[in-house]
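Working notes, beginning with the structure itself.
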């Protein structure tokens, strides 16, 4: 590794599994001190312990503003500052045009959009005090194209990308860069029943399901290979590092070319 984040402090929401965990590992390997935020205390603490003393875990529900504020306050108290915020936590909302309910809307907005808005809100103070920083929001190609997710999820992710652009403009004078990443379908256990179910499977069962998943996802993109969590982590590393010092209000699409395809793949 090249210590691209040496001296920097990062907070990653949804950091206990999938993209968040891959990013925590990569950031730590590149010299960052990292706070992993998530609801799964067992998984979060185990991951933090495996990465050494420069990584800690903070239990939080990012649909609650008080938890977001507390996680950021803990980061500053423990490591002295906040340089990088990766608003990564998310999940499906599962609502079609006719089946959508007020609960779907409230839950989806709280999980996918409000968490981003409030994360940015509470990061501004510490980052300003430190001379600036980098905020990265996990969006999705669902916000760019039809049939990449359910319609409510897609609309909310479009809002995440647009909020990112506007926040980048407003926070630019404070030397706070705000960017998004829009992943395509990434091979994680959530695609075969969610991470909770994956935790009940044997290693052999998980490996078999992941092999089938990666083969199927590879067929849906021009590059003919499945996207992995580390691919998104590498994008986050670029946006977190000084290599992207002149990049803000940008949505970095990492999808193997899927959004450029003329025909929308089905099934």
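Observations on the structure shown:
- Rg [Å, one decimal], Dmax [Å, integer] - the chain, C-alpha atoms: 17.7, 52
- Per residue of the chain, the DSSP helices (runs of n ≥ 4 H) give a summed -39500 (n - 2.57) that works out to -13500 deg cm²/dmol at 222 nm.
- Sorting the segments 11-18, 220-227 by their mean number of nearby beta carbons within 10 angstrom, highest to lowest, gives 11-18, 220-227.
- Segment 1-53-segment 92-151 distance, computed between alpha-carbon centres (Å): 21 Å
- Against the main long axis of the alpha-carbon atoms of the chain, helix 151-171 sits at an angle near 30°.
- Seen against the Cα atoms of the chain and their longest principal axis, helix 115-129 is set at about 20 degrees.
- Considering only 216, 137, 87, the Gaussian network model of the chain with Cα springs below 10 Å gives its largest mean-square fluctuation to 216.
- Between 0 and 90°, nearest 10: helix 229-240 axis offset from the chain longest Cα axis: 30 degrees
- Overall dimensions of segment 17-76, expressed as equivalent-ellipsoid semi-axes from the Cα gyration tensor (√(5λ), whole Å, largest first), are 19, 13, 10.
- Structural descriptor for the chain: relative contact order 18 percent, calculated from alpha carbon pairs under 8 angstrom and at least 6 residues apart.
- Of every Cα-Cα pair in segment 9-126, the percent that sits beyond 25 Å: 22 percent
Every number here is computed from the coordinates shown, using simple stated rules; none is lab data. From a predicted model like this one, the values you see are computed outputs, not experimental measurements. Please note: Cβ atoms are built from the backbone with ideal geometry, for glycine as well, and neighbour counts cover all protein chains shown.
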